[in-house]
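The values are calculated or read from the model by the stated rules, or taken from the named source; none is laboratory data. Keep in mind it's a predicted model, so treat the numbers as computed, not measured. Cβ placement follows ideal geometry from the backbone for every residue including glycine, while neighbour counts extend to all protein chains displayed.
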Amino acid sequence: MPENSAAVLREPRGSLVVERVPLPGPAADEVVVRVRAVAVNPVDWVIQGTGPVTYRWLRAPAVLGSDVAGEVVAVGSGVTRFAVGDRVVGLATGTDRGRDPMHEGAFQEHTALLERLTAPISPELSDDQAAVLPLGASTAACALFQPKHLGLPLPGAADAPRERSGVVVVWGGSTSVGMNAVQLARAAGYTVVSTASPRNAETVRSLGAEVVVDHGAPTAVDDLVAAVAGRSVVGAVALGTTSTAACIEVLRRTGGTVLAMASTPVSLDGVAGRRRLLPGALPVFTRLGLATLGLTLRARRAGIRAAFVWGSSLRDDAMGPELWGRVLPEGLADGSIRPVPEPLVVGHGLDAVQSAIDRQRAGVSARKVVVTL
Ligand SMILES: NC(=O)c1ccc[n+]([C@@H]2O[C@H](COP(=O)([O-])OP(=O)(O)OC[C@H]3O[C@@H](n4cnc5c(N)ncnc54)[C@H](OP(=O)(O)O)[C@@H]3O)[C@@H](O)[C@H]2O)c1
């Protein structure tokens with residue numbers, strides 16, 4: 001009987017515990033992967049630390065994690081794009097409402113991935129390099145391409161022009177999601193203006209941003225408006241706690257009308273680290289609710305259509321299979337899409353996953369925390 005182990009969240013706010021778990025079998029539209037590398041996202045410590053408030057549907061025990069690279073060991077009866085032995089990267093969506101976090105959570109030796117959210121890895125790419133991609137690229141794609149958000153045409157459709165008129169604003173271009181948003185918007189043919197700390201400006205430019213302004217500077221909004229230089233703005237993607245307010249101002253002053261918001265306006269990192277969630281965290285959640293309401297009203301008053309992005313919502317729309325079945329495989333193969341940010345491998349084995357989550361919560365700069373398995 002083949003065995004499987006996972007880093008399991010046994011109770012809300014507990015530390016992950018490595019233990020034996022059932023080996024997932026593939027549903028018809030899934031592959032089962034021997035996981036070789038996982039990446040950590042802010043949502044992992046958000047769920048671990050605040051799940052009873054923010055992910056109320058999630059029941060323990062649960063296996064967290066979204067980003068998987070590894071090797072296919074079994075394929076479902078309906079799978080056509082992959083065979084046993086293929087190296088793949090994919091988005092695990094087990095923590096979403098209605099999904100099974102034991103079956104398809106990333107932080108285990110074997111996990112199930114939906115074929116439509118999986119792409120092949122080329123031989124020159126290592127597992128830790130590939131593992132940085134899934135949630136960052138998926139969230140960026142939701143923001144840019146879903147009709148609910150910017151609704152831009154996907155890169156590289158057969159008759160697509162290489163260049164399109166219009167500017168995409170990406171606030172937070174040196175975040176993991178932001179780096180993907182910059183390169184995907186560029187790949188779709190748009191001019192991109194973005195933000196980063198000065199130390200990361202060149203990296204963001206290398207992904208295709210025309211101008212990168214310092215998001216720490218008091219003049220950041222003015223600088224972005226100047227970078228737009230009177231051109232038409234097709235929309236903004238807001239990443240980082242201060243990003244929504246800043247993007248509303250940029251859009252208001254440049255005539256843009258669409259805002260994709262990916263971050264909460266109040267950070268939950270302090271709350272996630274507390275020994276007890278309630279009642280101590282109530283003021284933070286109250287501030288979060290009020291700030292969200294205030295920003296939503298401010299956007300509406302400025303004539304801006306603003307909506308929150310859910311990075312795994314592409315699982316259930318037509319864009320997900322297009323992104324994972326065509327855009328990412330083709331872009332990775334021809335080099336127009338790079339797996340970004342650079343992996344920061346902090347350990348090997350499931351025992352290292354908890355410290356990797358803690359490392360991500362402590363803060364990274366243009367790096368993706370990765371554990372190899
Ligand atoms: N809604 C969703 O489905 C979804 C999915 C994924 C992520 N997210 C959210 O999106 C955000 C980014 O996630 P991530 O994984 O990409 O984050 P990350 O890579 O961990 O973000 C770290 C980066 O934040 C940047 N940063 C620091 N101050 C900033 C500021 N004032 N404005 C903008 N960026 C700043 C830093 O850039 P410098 O070092 O250059 O300053 C650093 O590189 C988070 O809020 C996360 O919770 C949402």
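The strands (runs of 3 or more DSSP E) found entirely in segment 1-67 that carry 1 or more residues being touching a helix residue (DSSP H, G or I) at 6+ places or on another chain (Cβ under 8 Å) and among the small types (Gly, Ala, Ser) are 4-9, 30-39. Residues of segment 68-76 include at least one that is over 30 Å from Val284 (Cα atoms), in a loop (DSSP other than H, G, I, E, B) and in contact (Cβ under 8 Å) with a residue 40 or more places away in the chain. The C-beta contact set for segment 142-165 (first residue farther than 11 Å from Ala181 by Cβ, second residue acidic (Asp, Glu) and surrounded by fewer than 11 Cβ atoms within 10 Å (Cβ to Cβ), distance under 7 angstrom, 6+ apart or interchain) is empty. Of all residue pairs spaced 6 or more apart or on separate chains, none has beta-carbon atoms under 6 Å together with a first member in segment 241-255 that is within 11 Å of the ligand (Cβ to nearest atom) and a second member that is charged (D, E, K, R) and assigned to a helix (DSSP H, G or I).
Every listed requirement among (1) assigned by TED's automatic domain parsing to the domain that holds Thr203; (2) out of contact with any strand residue (DSSP E or B) (no Cβ under 6 Å at 6 or more places or on another chain); (3) more than 16 Å from the ligand (Cβ to nearest atom) is met by Gly166 save one, (2). Of the residues contained in segment 178-190, one or more are found to be more than 12 Å from the ligand (Cβ to nearest atom), among the hydroxyl-bearing types (Ser, Thr, Tyr) and under 17 Å from Ala260 (Cα atoms). Scan segment 276-330 for residues that are among the basic types (Lys, Arg) and closer than 29 Å to Glu104 by Cα and the total you get is 3.
Scanning segment 332-346 for residues that are at positive phi and at pLDDT 95 or above yields a count of 0. Here Gly14, Gly51 are screened, and the one residue that is at pLDDT below 95, under 20 Å from the mean Cα position of the chain (by Cα) and farther than 14 Å from Leu114 by Cα is Gly51. Note on segment 352-362: residues that are in contact (Cβ under 8 Å) with a residue 24 or more places away in the chain and not charged (D, E, K, R) total 5.
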